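Novice: Before anything else, here's the structure in question.
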Ligand SMILES: [Zn+2]
C-alpha cells in the first residue's frame, strides 16, 4: 500500500489525487504539470512559475548540474531550492535522457541518487534505459533488465525522505510494458514515470502512446502515481489523464517559444503566421502578434513561453474541473478534433473502454453524445452488461419512440441509441438520462442493436419485438433473426 498518494475523484481512469512529498513538506494536487527548468537557462524565473502560474512542483536535471563545473559546487553548497529560488517540490532527472541521446553517461544509479540527495531533490530518478519505439524484442528485454537492476539499486539506496521514481520502459511492446509496470509496482519505489514517450509524441503517434500507457497501467496498482514523462503539449493532457496519468512535465513551453511556436489546446501555431492571438491570457491581452514579431527577440521568446505556460496550466485546471463534474470524456472528445492523430489516440483509448470502466463512476450528472465515438464509451458497455441481468417478461416490446401496430405485449421497454433496451423504471438513472441528438447515427444504432442482441441472447424464452426509427441496415443485421423488427416511421402514414 502506497500511503503517499491518495485518489479523491475519478472519471474514466482519470483521477484527482494528492501526492505527499515529505522532503518538500508539501502535498501536490494531481493532475499536475511540472515545468522543466534548465539549470543553465532560466527562460522564466522559477519563483514566477510558482507565484504567477501556480506550479507546485518543477523538474530539473541533476545530471546536467553534476556535469557543469560552473554551477555544481554552488548547487551543492546552497541546495537546489535556494539555487533555483523555488520553494515548491523539485523532481530531478538522472541523465537517462542523455544516455538515450548520446549512448553513454559516466554515472551509476547509486552515484546519481546520492548526488540528488545531497543537492536536496524531493523526488529522484535512477539511471534507467529509455528504449526507443519499435526496438526489437531482444533489445527491449535486455535493456529492461538493466532498468530493473537500476530500480533494485534505487530501492537499496539510503535516500531518507526523498521519494524515488521507478521508470517503466518496454518500447512499443505492450506485453513488456505491462510486465515492467507490474515489476515496478512490486518495488518499494514511489512514483512511476512511463518513459521513452518523447519519440512517439514528437511523431504524433498518439495511438501508440495510448497503447503503451494502457499496458503500463494494467501492470501498475491503482494507488501508483503515474507520470507521462516528456509529455508537455496541452492538446493531449485530457487524453492522457483519461488513461490514468497524474503528472506531466513541460519543456515544450520553452523549447517551442524558442522556435516562435504558440501552443493552443488544439495544436501549435507559429507566431509568423498569426494575425490575432486567440487567447485571453495576460500576454495575449497586452500584445499583438505583429508587436511580438517586431520587438526584441528575447522578450518575444519570454512572452511566448509565458503564453505557452498559461494555456498549459489552464488546461490542467479545466481537466480537474471535468473530472469533478464527470465530463472528462466529453473534453477528450473535443480535444480529439484538433488533429487526426489525436482522433486515433481517442479511438485507441476507447479500445480500452473495459479498462476505463473499472474506475468510471456509475453515476454522473450528464452523458452528452457528441460524436459517433461516444457509442464506445465505458458507460455503454456497462449498460450492456446490465442488460443481461434484467428480467424481461414472456413477450416484450422495445420501442425507440411510438408503439408499433400490435399492442399485445406483457411489457413495453424503451430502446435508446447507443445504450439499447431498458425498462422504464431505469429511465431516470445514469447513463440513460443521456442527451443524444435527434438525428442519431449508425454507430449509436449499432451499439443499441448490440444491446438488443445481449438481451435476446440472455433471455431465449422471451418473444421480443423491436420498433425502431429507421435504423441503418448494418444495425438491423446485428439484431438476432428471432427478434421481430418494425420501422416506426412507416406507421400512421
Ligand atoms: Zn495567451
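Novice: Would you mind stating whether residue 402 is at pLDDT 95 or above and away from the ligand (no atom under 16 Å from the Cβ)?
Specialist: Considered against the rule, which asks whether it is at pLDDT 95 or above and away from the ligand (no atom under 16 Å from the Cβ), residue 402 comes out as no.
Novice: Related question: Have a look at 356, 331, 349 and point out the one that is under 20 Å from residue 7 (Cα atoms), away from the ligand (no atom under 16 Å from the Cβ) and touching a helix residue (DSSP H, G or I) at 6+ places or on another chain (Cβ under 7 Å).
Specialist: Result: 356 is the single residue among 356, 331, 349 that is under 20 Å from residue 7 (Cα atoms), away from the ligand (no atom under 16 Å from the Cβ) and touching a helix residue (DSSP H, G or I) at 6+ places or on another chain (Cβ under 7 Å).
Novice: Go through the range 435-474 and give me each residue that's part of a helix (DSSP H, G or I) and touching a strand residue (DSSP E or B) at 6+ places or on another chain (Cβ under 8 Å).
Specialist: 445, 447, 448, 449, 450, 451, 452, 454, 455, 456
Novice: On the basis of being touching a helix residue (DSSP H, G or I) at 6+ places or on another chain (Cβ under 7 Å) and under 26 Å from residue 322 (Cα atoms), does residue 414 make the cut? Step through it out loud before you land on a result.
Specialist: Numbers: touching a helix residue (DSSP H, G or I) at 6+ places or on another chain (Cβ under 7 Å): yes; under 26 Å from residue 322 (Cα atoms): no.
No: the conditions fail for residue 414.
Novice: Only one of these is modelled with pLDDT of 95 or more and in a helix (DSSP H, G or I): 75, 7, 37. Name it.
Specialist: 75
Novice: Here's something else I'd like to know. Quick check, is residue 150 assigned to a helix (DSSP H, G or I), surrounded by 21 or more Cβ atoms within 10 Å (Cβ to Cβ) and at pLDDT 95 or above?
Specialist: For residue 150, the condition - assigned to a helix (DSSP H, G or I), surrounded by 21 or more Cβ atoms within 10 Å (Cβ to Cβ) and at pLDDT 95 or above - is met.
Novice: Another one. Take residue 301 and decide whether it is touching a helix residue (DSSP H, G or I) at 6+ places or on another chain (Cβ under 6 Å), at pLDDT 95 or above and away from the ligand (no atom under 13 Å from the Cβ).
Specialist: Considered against the rule, which asks whether it is touching a helix residue (DSSP H, G or I) at 6+ places or on another chain (Cβ under 6 Å), at pLDDT 95 or above and away from the ligand (no atom under 13 Å from the Cβ), residue 301 comes out as yes.
Novice: Please state which of the following conditions residue 178 fails to meet, knowing it meets all the rest: (1) surrounded by 19 or more Cβ atoms within 10 Å (Cβ to Cβ); (2) within 16 Å of the ligand (Cβ to nearest atom).
Specialist: (2)
Novice: Say whether the condition of being in contact (Cβ under 8 Å) with a residue 12 or more places away in the chain, in the same structural domain as residue 24 (by TED's automatic domain parsing) and buried (at least 20 other Cβ atoms within 10 Å of the Cβ) is met by at least one residue in the range 132-139.
Specialist: Within the range 132-139 (the criterion being in contact (Cβ under 8 Å) with a residue 12 or more places away in the chain, in the same structural domain as residue 24 (by TED's automatic domain parsing) and buried (at least 20 other Cβ atoms within 10 Å of the Cβ)), the answer is no, since none of the residues qualifies.
Novice: Could you check the range 451-472 and list, in sequence order, the residues that are surrounded by fewer than 20 Cβ atoms within 10 Å (Cβ to Cβ) and closer than 21 Å to residue 488 by Cα?
Specialist: Once the filter is applied, which keeps residues that are surrounded by fewer than 20 Cβ atoms within 10 Å (Cβ to Cβ) and closer than 21 Å to residue 488 by Cα, the range 451-472 yields 453, 463, 465, 469, 470, 472.
Novice: Restricting to the range 402-434, and then to whatever is touching a residue at least 24 places away in the same chain (Cβ under 8 Å) and not in a loop (DSSP other than H, G, I, E, B), can you tell me which residue is nearest to residue 368 (Cα to Cα)?
Specialist: 416
Novice: Oh, and also: Which of the residues spanning the range 265-294 are more than 9 Å from the ligand (Cβ to nearest atom), out of contact with any strand residue (DSSP E or B) (no Cβ under 8 Å at 6 or more places or on another chain) and not in a loop (DSSP other than H, G, I, E, B)?
Specialist: Correct list: 267, 272, 273, 286, 289, 290, 291, 292, 293, 294.
Novice: Exactly one of (1) out of contact with any helix residue (DSSP H, G or I) (no Cβ under 9 Å at 6 or more places or on another chain); (2) away from the ligand (no atom under 16 Å from the Cβ); (3) closer than 30 Å to residue 436 by Cβ is unmet by residue 317. Its number?
Specialist: Residue 317 satisfies all of (1) out of contact with any helix residue (DSSP H, G or I) (no Cβ under 9 Å at 6 or more places or on another chain); (2) away from the ligand (no atom under 16 Å from the Cβ); (3) closer than 30 Å to residue 436 by Cβ except (2).
Novice: Specify which of the listed residues (256, 236) is more than 23 Å from residue 27 (Cα to Cα), surrounded by 17 or more Cβ atoms within 10 Å (Cβ to Cβ), away from the ligand (no atom under 15 Å from the Cβ) and at pLDDT 95 or above.
Specialist: Values: 256 fails: away from the ligand (no atom under 15 Å from the Cβ).
After ruling out the rest, the residue left standing is 236.
Novice: Let me ask another. If we keep just the residues of the range 349-374 that are assigned to a loop (DSSP other than H, G, I, E, B) and in contact with a strand residue (DSSP E or B) (Cβ under 8 Å, 6 or more places away or on another chain), which is nearest to residue 174 (Cα to Cα)?
Specialist: Going through the range 349-374, the residues assigned to a loop (DSSP other than H, G, I, E, B) turn out to be 352, 358-367, 369-371.
Filter once more, so that each one left must be in contact with a strand residue (DSSP E or B) (Cβ under 8 Å, 6 or more places away or on another chain): 359-361, 364, 366-367, 369.
Working: 359: 21, 360: 23, 361: 27, 364: 32, 366: 34, 367: 31, 369: 31 Å.
Among them, the one singled out is 359.
Novice: Please state which one of 150, 155, 124, 145 is assigned by TED's automatic domain parsing to the domain that holds residue 57 and farther than 18 Å from residue 182 by Cβ.
Specialist: Answer to the check: 124.
The values are calculated or read from the model by the stated rules, or taken from the named source; none is laboratory data. Predicted model, so just to flag it, every value in this text is computed and none were measured. FYI the Cβ positions are ideal-geometry reconstructions off the backbone, even for glycines, and counts take in every protein chain you see.
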